[in-house]
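As structure tokens, the structure follows; a few thoughts come after it.
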Amino acid sequence: MAHVALADEGQDLAHPKTWIGAYVWSQDHKIIGIQYILTATAVGVVALVLSFMMRLQLGFPGAFDLIQPSEYYQAVTMHGMIMIVFMLTAFFLGGFGNILVPLMCGARDMAFPFMNMLSYWVYLLSVIVVCASFFVPEGPTGAGWTLYPPQAITEGTAGADWGIVCMTVSLGLFVIAFTMGGLNYVTTAFQARTRGMTLMRMPLSVWGIIMATILGLLAFPALLVSVIMMTLDKMLDTSFFMPAISSLGENLSHEGGSPILFQHLFWFFGHPEVYIVALPAFGIVSDLISTHARKNIFGYRMMVWALVAIGGLSFIVWAHHMYVSGMNPYFGFFFATTTLIIAVPTAIKVYNWVLTLWQGNIHLNVPMLFAIGFIFTFIHGGITGLFLGNVVVDVPLSDTYFVVGHFHMVMGVSPFLVVFGGIYHWYPLLTGRMLNDTMGKIHFWMTFLGTYAIYLPMHYIGILGVPRRYFANGSTEFLPESVQTANVSITIAALIVGMAQFLFIINLVWSLIYGKKSERNPWRATTLEWQTKDYPPKHGNWGPELPVVHRWAYSYSVPGAKDDYIDQTEEPSENTKGDVH
Amino acid sequence: MTATLIILAVIMGSVVFWLIRQTLNVQPWAEEGPIGQHHAGGPFSIPAAKIGLITFLAVASSLFSLFVSAYFQRMEYGDWTPLTEPGVLWISTGLLILASIFFQIARNAAIKSQVKKVKSNLLIAGIFTFAFIAGQFWAWQELHDAGYFLTSNPANSFFYVLTAIHALHIFGGLWVWSKTVFKLQNKAEVQKLRMSVELCTIYWHFLLLVWLVLFALLLST
């Protein structure tokens, strides 16, 4: 493919003259990124509080009158959907994607700033609609985050009237918002890179975000198709998914629909969604580890291609979520095989992170703590994934707490640790101040150790056979009393970890006012986002001239150089000649 | 899900093929120096708007292929009764083909900066597109009159949903078309509008292709 040597320096930028134009209806990618982050954080706190409700019920069944079965299932559903879609996806791609892609590629802004702004406002609308379901008659849907029909839209399930419609509409809006944002991230990375920024000089954060965006653009339509059909089944009595069914003694008008069809469509989105969250985390953690270990990333090309391979493979593993749906065993064999194959590029990445740390000049500051913590939790969650990828192991474990422990470690805790690491790393770039180090370290240790106190016992009680999704276990013969003791312990740990997150939020606000002023490029990183004209960067990022890139993003500890890093824009000289080897 | 997997394999295959060409034998850690010595770097020569549209077409391809996959899966169940497609669909297909042809003529004229020809062909293309939409509504009306309601059979439900989703995409295109026509009436430079005309043309060709696939699917099942 032909390249031209000049980025689109003539790109027209909107220059707002009012405060509202600059910070509310802003077309500046950094402001939009911050808007995404603030909204995702706010809705994430709602989901966190819902998890407190669930844990209080499981730890102390019947002690809280407020939590009845319907409320419990509504909390489970909203917690899951909000955390996965409205929090993590929005945070990584809307938040980090918006802030990092133009800055790390050397662009002034996104390719289509107006559409980018629109993306945020449609996202906000989707968040408002999903939160509105708390206030509609009968409250939000309690169908479980997978929204399986027929129970999701059948009387007797909490929120089967208004709640489920709010959910499907908000998901539809989210897909539209994501598509508008995603077109921007891809186009900006492919079209608006600055001079010298070849594809293979891009930091892995950008690679991770772009690959996740491509996955999202291709996979979210599956969610859109399923919610369109589900809404029609609900509102207009079609029978895409609804079989002939009796509800509360009455035969409903549906007949012949296929709930399994919904499962195929949902998981065709649902499995890539795991990687939509994981790939940006992979990219960001690579940059954190390399920067804070003062060492170039081990196997850069392998890291890029592992991202591509994981992205491609993620589309042919979806049915491993459906082993217990009565599928043909040969299908199960196929999907178990592809699931185990996807572990290969994933393992390559883990080895490369560890090998980057090996003999590195490791600085155990807060972002690095979170990055190393991620390696632990991700290996843990990844290995239990290998268990569940096998049909014969999955069938007995599928409906137990083992699965809850697994997916929280691999796509809950792990990406969250990267979110935190990323914020501690780039907070100075956006605010000009450092986050408080002591609060950061307390936040890390409470979160890291606390999540193990929550999720390790879940694996244990899962193997004992404790079923997930149950409001209360009651007195069941096959469950020893220690299960309840474990549940109490998990609940206490969950509340402590939850409180630690409020310490983090306090740190964000406190440091904005009282935090130590940050010097430019406090982590001595090589990448472009620290080389802007103003610090913190202003609208347009670069002043009159776009930066020119002379090397890749990982020139750390280069022999003969005066510093232990050479930034991407430094012109070749005696100082940098050790870079070429 | 075979239809979807084939489409996605083509899309991902294109991405991977392009990436291989960009990354094979590139050793970024061993390359330093002024621009042009190793790689120019920098962006595609393709304009941003075109890359945005091509990416959107990949998204729309995924969406329609998922509907087609769902169609195939759902029709395996016993309650599926094929409907008789109204004859007017042949006419509306012809209208969409004509719209696409006139867009192509407008695009060729835009390249040669023939303002009048661009204007007239764009207008004709738009009129044919509106006629296509009218044809689709007519087909809906005929089916409704014949008792093929949305809920009476899954085959009917799919027919209404597929045609509606396709029409929604057409409406999106018509919005861009109307902006382009409006600017032309206000004597904006053809040079500046060349890209809009070209993007409309690509989009209409794509929607024609999607409609031909959907129509063939509906006729054959």
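Against chain A, whose longest principal axis is taken from its Cα atoms, helix A:259-292 shows a tilt of about 30°. Excluding same-chain neighbours fewer than eight residues apart, the aspartates and glutamates reachable from residue A:17 by a Cα-Cα span under 16 Å are A:28. For the pair the range A:379-408 and the range A:31-45, the centres of their Cα atoms are 31 angstrom apart.
Taking each DSSP H run with n ≥ 4 as -39500 (n - 2.57) and averaging over every residue of the protein assembly as shown yields -22000 deg cm²/dmol at 222 nm. From the square roots a ≥ b ≥ c of the eigenvalues of the alpha-carbon gyration tensor of the protein assembly as shown, which class results: rounded (a/c under 1.5), prolate (a/b over b/c), or oblate? Oblate, since a/c reaches 1.5 and b/c is not below a/b. Can you tell me the orientation of helix B:115-145 relative to chain B, as the angle in degrees between its alpha-carbon axis and the longest Cα principal axis, to the nearest 10? Between the helix axis and the principal axis of chain B, the angle is about 30 degrees. For every other residue with a beta carbon closer than 13 angstrom to the beta carbon of residue A:140, add +1 if it is Lys or Arg and -1 if Asp or Glu, then tell me the sum. Summing Lys/Arg as +1 and Asp/Glu as -1 gives -3. By the rule of a C-alpha distance below 13 Å, with chain neighbours fewer than 8 residues away ignored, the aspartates and glutamates paired with residue A:516 are A:437. Averaged over peptide A:182-189, the number of partner chain Cβ atoms lying within 10 Å of each residue's Cβ comes to 5. Positive end of the dipole of the range A:194-299, charges at C-beta (+1 Lys, Arg; -1 Asp, Glu), about the Cα centre: which of A:296, A:280, A:241 has its Cα farthest in that direction? About the Cα centre, the residue reaching furthest to the positive side is A:296. Shape verdict for the range A:315-412, please, from the Cα gyration tensor: rounded (a/c under 1.5), prolate (a/b greater than b/c) or oblate. Here the range A:315-412 falls in the prolate category.
Calculate how steeply helix B:48-74 sits against the longest principal axis of the alpha-carbon atoms of chain B, using the helix alpha-carbon long axis, and give the answer as 0 to 90 degrees to the nearest 10. That works out to roughly 30 degrees.
Of the cross-linked pairs A:441/A:562; B:50/B:116; A:533/B:192, those separated by over 28 Å at the C-alpha level are A:441/A:562; A:533/B:192. From the alpha carbon centroid of the range A:172-189 to that of the range A:200-271 is 19 Å.
Listing A:446, B:195, A:411 from the residue with the fewest other Cβ atoms within 10 Å to the one with the most, what is the order?
Sorted ascending by nearby Cβ count, the order is B:195, A:446, A:411.
Across peptide B:5-16, the mean count of Cβ atoms from other chains lying within 10 Å of each residue's own Cβ comes to 3.
Quick check: from the Cα gyration tensor, does chain B come out rounded (a/c under 1.5), prolate or oblate? In terms of gyration-tensor shape, oblate.
Net charge in the neighbourhood of residue A:297 (other residues with Cβ under 11 Å of its Cβ; Lys, Arg +1, Asp, Glu -1) is +2. With the cut-off at under 18 Å, measuring from each backbone N in the range A:345-361 to a point 7 Å along the Cα-to-Cβ line of residue A:386 picks out A:345-355. Treating each Cα of the range A:65-115 as one equal point scatterer and applying the Debye formula with no solvent, the log10 of I(q)/I(0) at q = 0.19 Å⁻¹ comes out as -0.70.
A short reminder: the numbers here are calculations on the coordinates, not readings from a lab. It should be emphasised that the depicted structure is a prediction, and the values quoted were computed from it without experimental measurement. Ideal geometry is used to build each Cβ from the backbone, glycine not excepted, and the neighbour counts take in all protein chains shown.
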